[in-house]
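Undergrad: Encoded as structure tokens, here's the structure I'll be asking about.
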Amino acid sequence: MAEQPILTVEGLTAAYGAVTALNKVNMTVPRGGICAVLGANGAGKTTLLRTLSGLKRAEAGRVLLEGADITRIPAERHVHHGLVHVPEGGGVIVELTVEENLRLGGLWRAGRRERAARMAEVVELFPPLRERLSRPAATLSGGERQMLAIGRALMAGPRVLLLDEPSLGLAPLVTRQIMDMLLQLRADRDLTVVLVEQNARSALSITDHGFVLNQGEVVMEDSSRRLLADDRMRHAYLGF
Amino acid sequence: MDQFINLTLNGLSQGAVYAALALSLVIIYQATRVVNFAQPALALISVYIAYTVSQATGSYWLGFGAALLTGLVLGAATERLLIRPVHGRSPLNAIIITLGLLLVLQGLAGMIWSNEPHSFAYPMDYRGRFSPSDWFALGSVGAAALMLFALYRFTPLGLRMRAAAFRPEAARLSGVRVGLMLTAGWAIASVIGALAGMLAAPPFIFPNVLDEVFIFAIAAAVVGGLENPFGALAGGVLLGLGMSYVSGYAGPELTTLAALAILVVVLSIRPDGLFSRPTARKV
Amino acid sequence: MVSLSDHESTSRDKQPESTAPAPTVGDRWRALPALVRFPLAALAAFAAILALTSVTGPTGDLRIGSVGYYMLAIAGLQLLIGYSGQISLGHGAFMFIGAYTMALLVLNQPALPLWLNMIITVVLSCTAGVLVGAATARLHGPYLAGATLALAVGLPALTVRYPELLGGSNGLAFSTRGAPASLAGVITNTQWQAAAVWGTTLIGLVVLATISAGRLGRRMRALRDDEAAAGLAGIPVGRTKVIAFVISAGAGGLAGACQAYLLGTATPSSFTVTLSLSLLAALVLGGLGSMWGAFFGAVALVYVEVWGEELAHALALDSNVANNLPIVFFGVLLILVILVWPRGLHGMASSLADLVRRGR
């Protein structure tokens, strides 16, 4: 891999009070890659994403986005650097309408025309949202909310998308649709995706690389295919 | 009958003032989950500044502008300097801070402008049934409410402010500077509070002039539901009419107790106010 | 911030005597049951007050008496806010009820003894507390604060409504019997009054402290920490809230009665919103969640005003500035305490005590 990786994490450490939640995590994600972050409950997956996106302060280590250090910039600046985080549950603002949620995602861009074009694109991508644009987001189903969350993230025009358990609480069929869509996004626009999943099997089936977290440390990383095949690892950390 | 009409008209213009102050409380409550007990004091200082400016320049309207500007600055400064540090702590902390600020500002007003009442001008002719001043009160509060609605509903700033108030974390992830939006909310609310002060103060201004108005405003906000700006407006008009009738038919000294009675009756039927949407409370 | 100081005191209370290697006097003292410990402490405090008033003049006696009734009122508020977590801005209304009850009793039934007047006051203000508490039981947080604020403003306006009975805005003035004839020469009138106020206050405090150390107090704290969880655990939420309200109303009423007795007047202008807010301020200043906080708060309430006046006099300040100095000072203090020292004066004192103990 001669090309510079789009996302590099070096020795990232984060803590809740005296409890270390992330311990010297190292990761590299190539441009256009889809990688999975796996692990049991409490392994530090969500903390990893929150630290990457600046919601949580890093105690030590660095996060580099295309070589630029973004470790210490505030969370709201990350969209400007092209890194967008869809938190667990999607973070849809249920008090706003679907359209307002989408508009919010693109607000940081200056150009009105560009925002409109984005909106058309995103609505194209998620037909169920188009019919519900003026409805409160609270009326959406779980799958539609996840689509809205991802749609709002795409409005920001990300180069790296951090997704925290998009399949949480969704029916297998809906999960499948969302996973397929991620693959398509990667193919269409060179999007890099970091996917945190509890459901390791479905995550490994669409990703090309996987990181396994245990108690805040990366205990294993390999190609998704090999991780799927490694029985010992599956039993030890992934529970299937 | 004639008295009834007079009381109704009077109630409407008074209600507009309560509605404006209630609206300022609701905006702040929506943004930061704080009932700003210092709101009457911020308005008070604004009105005193208007008094001073008007005295110096001879122009009521220059004073009016100065009052709104003062409200803007004071509101923003209060949020930044006093409320932000206790953000996320027990709500009692924020309440006590605003109460402390109330004491400080009322005391400062007394120190600077003395506790004696000064005469303070109406914006327009105030004589007669539904005078130009009454019209002005109703009209300016109505205009302020409309502008606020347009701001929240149709502008990017309004969308950011709403997002920041509802889900601060999700807003941040979309690139919204949440802290700035909360400051903006306090600033805008305090401009409306200053407007309410300008309408409520005449004919005299003294450090406690807005206390009673504030009681009715908070009653209006609570009756309407602290979460709902339209509720605050409706609650304000309701309280204005109610207080006008009570004052006219039963006696002015009973108005605050009547406000309390309305409050208790409404809240015992709907504990979160008339216009609140039922929401699940966090367990 | 509330639970912090509380944890400390409860764990200290529960500490069994046997585990301490060599039980000190303090440990033995803490091991006494509340019903013995609190009255003994009250007696000691009463003796200290008697000793103190024997060296102060009439003005000093009045101030000491004022600290007493403010302390009682603040302690009642402590039970309501610090323990049960309900924010009331209308505590002054109950002091108003107490003061006017006392004034009317003295004026219309002069034969009644003081202690009976006090008991009648407590009964009446508790009744008012039941009414208000029941009416507001379903309100929470800012809604309760708004309703009680309206009560604090609205109630004193009644004096204007019924001027023949309540004396209008001038209020009621009366004279109370001073020291009994048998004690003439031994004790001055003001000393006697201060002692009577403190006697009442200390009895009230013993009751409040016993309640808050017992089951009811634990229920209130559970309610404050998490209302939903407390409800699920089988604590009757509504009833406990109303009871807290009633007890605090009783303490407020008794404090008002003591004030009227000490000053010989009851005027509506003594019971403004500013009084209710000052009580809350004093409570926060003293420290939430501990009865000691009430003492520090009351001392601050009385002496900030005194010192403010003296300072203004010494600096020959303009009267506008001088008149407003205490409330500005109080406001600033309130903000500073919350921003810098959320556990109040009591927290500050106990931290200092810890430092000293560790240094030893």
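Undergrad: When C:VAL206 is evaluated against the numbered criteria (1) of a type in the set (A, V, I, L, M, F, W, C); (2) within 23 Å of the chain's Cα centre (by Cα); (3) closer than 21 Å to C:THR267 by Cβ, which criterion, by number, is the only one it fails?
TA: Here C:VAL206 clears every test but (3).
Undergrad: Another question, then. On the basis of being facing chain B (nearest Cβ under 10 Å), in contact (Cβ under 8 Å) with a residue 40 or more places away in the chain and assigned to a helix (DSSP H, G or I), does A:ARG109 make the cut?
TA: Taking the combined requirement at face value, the residue does not satisfy it.
Undergrad: Specify which of the listed residues (B:PHE216, B:PHE204) is buried (at least 18 other Cβ atoms within 10 Å of the Cβ) and either farther than 23 Å from B:ARG162 by Cα or polar (S, T, N, Q) (or both).
TA: None of the other options fit; the residue is B:PHE216.
Undergrad: Please specify each residue of the range B:115-138 satisfying the condition of being part of a loop (DSSP other than H, G, I, E, B) and within 14 Å of chain C (Cβ to nearest Cβ).
TA: B:ASN115, B:GLU116, B:PRO117 - these are the residues of the range B:115-138 that are part of a loop (DSSP other than H, G, I, E, B) and within 14 Å of chain C (Cβ to nearest Cβ).
Undergrad: Continuing with the same structure: Which residue, of C:THR148, C:THR136, C:THR127, C:THR121, is away from chain B (no Cβ under 14 Å), within 23 Å of the chain's Cα centre (by Cα) and buried (at least 17 other Cβ atoms within 10 Å of the Cβ)?
TA: One residue alone meets the criteria, C:THR121.
Undergrad: Still on this structure: Is it the case, given these coordinates, that A:LEU140 is of a type in the set (A, V, I, L, M) and either within 14 Å of chain B (Cβ to nearest Cβ) or more than 24 Å from B:ARG162 (Cα to Cα) (or both)?
TA: So A:LEU140 does not fit the description; no.
Undergrad: Step by step: first the residues of the range B:1-45, then only those that are touching a Leu at 6+ places or on another chain (Cβ under 7 Å), within 23 Å of B:PRO123 (Cα to Cα) and among the hydroxyl-bearing types (Ser, Thr, Tyr), then the one that is surrounded by the most Cβ atoms within 10 Å (Cβ to Cβ). Which residue is that?
TA: Only one residue fits best here, namely B:TYR18.
Undergrad: Would you mind finding the one in B:ILE112, B:ILE97 that is β-branched (Val, Ile, Thr), part of a helix (DSSP H, G or I) and surrounded by fewer than 20 Cβ atoms within 10 Å (Cβ to Cβ)?
TA: Result: B:ILE112 is the single residue among B:ILE112, B:ILE97 that is β-branched (Val, Ile, Thr), part of a helix (DSSP H, G or I) and surrounded by fewer than 20 Cβ atoms within 10 Å (Cβ to Cβ).
Undergrad: Can you say whether A:ALA137 is surrounded by fewer than 21 Cβ atoms within 10 Å (Cβ to Cβ), among the hydrophobic types (A, V, I, L, M, F, W, C) and out of contact with any strand residue (DSSP E or B) (no Cβ under 6 Å at 6 or more places or on another chain), as far as the supplied structure shows?
TA: no
Undergrad: Of everything in the range B:263-272, what is within 9 Å of another protein chain (Cβ to nearest Cβ), surrounded by fewer than 22 Cβ atoms within 10 Å (Cβ to Cβ) and within 22 Å of the chain's Cα centre (by Cα)? Give them in sequence order.
TA: B:VAL264, B:PRO271, B:ASP272, listed by residue number.
Undergrad: I've got another one for you. Does the range B:168-180 contain any residue that is in contact (Cβ under 8 Å) with a residue 40 or more places away in the chain and within 19 Å of the chain's Cα centre (by Cα)?
TA: No: zero hits.
Undergrad: With the requirement that a residue be of a type in the set (S, T, N, Q) and either within 14 Å of chain B (Cβ to nearest Cβ) or in contact with a helix residue (DSSP H, G or I) (Cβ under 7 Å, 6 or more places away or on another chain) (or both), what does the range C:189-241 give you?
TA: C:THR190, C:GLN191, C:GLN193, C:THR200, C:THR201, C:THR210, C:SER212, C:THR240, listed by residue number.
Undergrad: Being of a type in the set (Lys, Arg) and modelled with pLDDT under 75 is the filter here; which residues of the range C:17-73 pass it?
TA: C:ARG28, C:ARG30
Undergrad: In the range C:46-92, what count of residues is obtained for those that are surrounded by fewer than 16 Cβ atoms within 10 Å (Cβ to Cβ) and under 16 Å from C:GLY286 (Cα atoms)?
TA: Residues meeting the conditions: 0.
Undergrad: Out of A:THR20, A:THR13, A:THR28, A:THR8, report the one residue that is in a strand (DSSP E or B), β-branched (Val, Ile, Thr), over 30 Å from B:MET181 (Cα atoms) and touching a residue at least 60 places away in the same chain (Cβ under 8 Å).
TA: A:THR20
Undergrad: Let me ask something additional. For the range C:94-184, which helices (runs of 4 or more DSSP H) that fit wholly inside it have 1 or more residues that are under 28 Å from B:VAL246 (Cα atoms) and of a type in the set (Gly, Ala, Ser)?
TA: The helices (runs of 4 or more DSSP H) meeting that bar are C:114-136, C:141-154.
Undergrad: Given C:MET348, C:MET291, which one is surrounded by fewer than 17 Cβ atoms within 10 Å (Cβ to Cβ), closer than 30 Å to C:GLY199 by Cβ, away from chain B (no Cβ under 13 Å) and within 24 Å of the chain's Cα centre (by Cα)?
TA: Going through C:MET348, C:MET291 in turn, the sole match is C:MET348.
Undergrad: Something else now. Report whether or not A:VAL218 is β-branched (Val, Ile, Thr) and over 16 Å from the mean Cα position of the chain (by Cα).
TA: Answer is yes for this residue.
Undergrad: Can you pull out every residue in the range B:30-45 that is assigned to a helix (DSSP H, G or I) and at pLDDT 90 or above?
TA: Once the filter is applied, which keeps residues that are assigned to a helix (DSSP H, G or I) and at pLDDT 90 or above, the range B:30-45 yields B:GLN39, B:PRO40, B:ALA41, B:LEU42, B:ALA43, B:LEU44, B:ILE45.
Undergrad: Residue check, C:ARG343 against (1) within 14 Å of chain B (Cβ to nearest Cβ); (2) surrounded by fewer than 16 Cβ atoms within 10 Å (Cβ to Cβ), all met but one. Which one?
TA: So the condition that C:ARG343 fails would be (2).
Undergrad: Just for helices (runs of 4 or more DSSP H) wholly inside the range C:211-297: which have at least 2 residues that are polar (S, T, N, Q)?
TA: Per the criteria, C:237-263, C:273-286.
Undergrad: With respect to B:LEU105, is the statement that it is within 12 Å of chain C (Cβ to nearest Cβ), at pLDDT 90 or above and surrounded by 23 or more Cβ atoms within 10 Å (Cβ to Cβ) true?
TA: yes
Undergrad: Here is a check on your reading of the model: is A:LEU65 within 13 Å of chain B (Cβ to nearest Cβ), touching a residue at least 12 places away in the same chain (Cβ under 8 Å) and not small (Gly, Ala, Ser)?
TA: Answer is no for this residue.
Undergrad: If you don't mind, there's one more thing I want to ask. Assess whether B:LEU68 counts as being more than 27 Å from B:GLY242 (Cβ to Cβ), of a type in the set (A, V, I, L, M, F, W, C) and either without any contact (Cβ under 8 Å) to a residue 24 or more places away in the chain or within 13 Å of another protein chain (Cβ to nearest Cβ) (or both).
TA: Taking the combined requirement at face value, the residue does not satisfy it.
Undergrad: Another question, then. Search the range B:236-267 for residues being touching a Gly at 6+ places or on another chain (Cβ under 6 Å) and small (Gly, Ala, Ser), and hand back the single one that is farthest from C:ALA145 (Cα to Cα).
TA: Per the criteria, the residue is B:SER244.
Undergrad: If the requirement is being surrounded by 21 or more Cβ atoms within 10 Å (Cβ to Cβ), without any contact (Cβ under 8 Å) to a residue 60 or more places away in the chain, out of contact with any Ser or Thr (no Cβ under 7 Å at 6 or more places or on another chain) and of a type in the set (Phe, Trp, Tyr), which of these qualifies: C:PHE296, C:PHE245?
TA: One residue alone meets the criteria, C:PHE296.
Undergrad: Taking the range B:224-259 as the search range and keeping residues that are under 18 Å from the mean Cα position of the chain (by Cα) and at the interface with chain C (Cβ under 9 Å from one of its Cβ atoms), which one is farthest from B:SER114 (Cα to Cα)?
TA: Top of the filtered list is B:LEU226.
Undergrad: Identify the residue in the range B:80-91 that is surrounded by fewer than 23 Cβ atoms within 10 Å (Cβ to Cβ) and part of a helix (DSSP H, G or I) and, among all such residues, is farthest from the other protein chains (Cβ to nearest Cβ).
TA: Filtering first and then ranking leaves B:ARG80.
The values are calculated or read from the model by the stated rules, or taken from the named source; none is laboratory data. Only a predicted model underlies this, so the values are computations on that prediction, with no experimental measurement involved. Glycine also receives a Cβ, built like all others from the backbone with ideal geometry; neighbour counts cover every protein chain displayed.
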